[in-house]
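Before any comments, here is the structure.
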Amino acid sequence: MLTHDNLQAKLSNSNSAIGNRSGIVGISAKLVTTREDVREMQSLRYRSYLSAGYLAPDASTTFSDQYDEQPTSQSILIFHNGTAAASVRVCMFDPTIKQGPGSSIPATPIFGTEIRNYMTNVLSEFAKPRAVEITRLSRHPDYKRNIALVMTIFNLIGYLVLNFDAHAMFATVTEEHIPFYKRMGFNLICKPKRYPGLNVDTVLLGCPSTEHRGIKGMTVALPDMSSSDPNFKKLFSGEKFAVSSSNRILGDTNNYKSISLNPRP
């Protein structure tokens, strides 16, 4: 029988075998582009969600869904001293697409009506509005107190939003995380519902891309980001690159102490 204890032993052994293969010290990032990247992301995500109690133990030790390898989804792996420590995925939604990639995002099965109404009412100035869902934000349990990793993710997410030329962002989060997202310009759209496939209830938040705000010393506002930024080019080169405060990503880590974020659907 697969128990939590023997599963954790299995995960610890597999994680220790990864090591620092890149030789990059500190925080680095990479766009998920290869089968190895996908597997590493899904394994890290599983550890994160299992630790948070969102998932039951599973022998596969991975957590995946249909969106992971769709062309309308892009994911980022964040590394600490070369070891995969955090990840996030962004999925694009275009309501004019009737089926296939882009016709849905992970949140549409439970928040589909609310998402479409938001895009119709808030994005009415656009003939063909597009939006993205920020989803599957994960941290390895060994790095759950490393807030710099999370802030790195929230900044790099902006480059995925720019790449999709999205007019709005959606996020499904637990109620305890609403204040943090409101600081970045997100507003509550719908009260909690049970998220598909997970043991957690989430609310739906939305933010027009032009109204996204940075948190001083911590995150960068989307309107202040550009596809000409060095980190945009490094990210979409597909290569792993070092992330530093000189690239205006990490900001002042002293500001991170009061923030705690669990994995996000």
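The alpha-carbon of Lys182 sits under 17 angstrom from the alpha-carbons of these aspartates and glutamates, leaving out residues fewer than 8 places away in its chain: Glu133, Glu211.
Around Ser209, with a cut-off of 14 angstrom between Cβ atoms, what is the net charge of the other residues, counting Lys and Arg +1 and Asp and Glu -1?
Counting the neighbours of Ser209, the net charge comes to -3.
When the charge dipole of the range 45-95 is built from unit charges on Cβ atoms (+1 for Lys and Arg, -1 for Asp and Glu) and taken about the Cα centre, the candidate among Thr83, Phe93, Thr72 whose Cα reaches farthest toward its positive end is Thr83.
Roughly how far apart, in whole Å, are the Cα centres of the range 140-173 and the range 62-129? Answer, in whole Å: 13. Pairs with C-alpha atoms separated by more than 31 Å, drawn from the list Lys30/Lys191; Lys144/Lys193; Lys191/Lys233; Lys144/Lys216, are Lys30/Lys191; Lys191/Lys233. Any idea how far apart Asn81 and Asn117 come out in nm if each label point goes 7 Å out from Cα toward Cβ? The modelled label-to-label distance comes out at 5.0 nm.
Relative to the globular-protein estimate of 2.2 N^0.38 Å, the Cα radius of gyration of the range 76-127 stands at 1.57.
Å³ per residue of the Cα convex hull, for the range 73-224?
Hull volume over Cα atoms, normalised by residue count, gives 121 Å³.
Pairs of alpha carbons in the range 171-218 separated by more than 12 Å make up 61% of all such pairs.
If the segment from Phe126 to Ser228 were pulled out straight at 0.36 nm per residue, it would be longer than the present Cα-Cα gap by 34.3 nm.
In a fully extended conformation the segment linking Asp201 and Arg183 would gain 4.3 nm over its present Cα-Cα distance, using 0.36 nm per residue.
Rule-based calculations on the coordinates, nothing more; no lab input. Bear in mind the structure is a predicted one, so any value in this text is a computation, not a measurement. Neighbour counts are summed over all protein chains in view; Cβ atoms, including those assigned to glycine, are modelled from backbone coordinates with ideal geometry.
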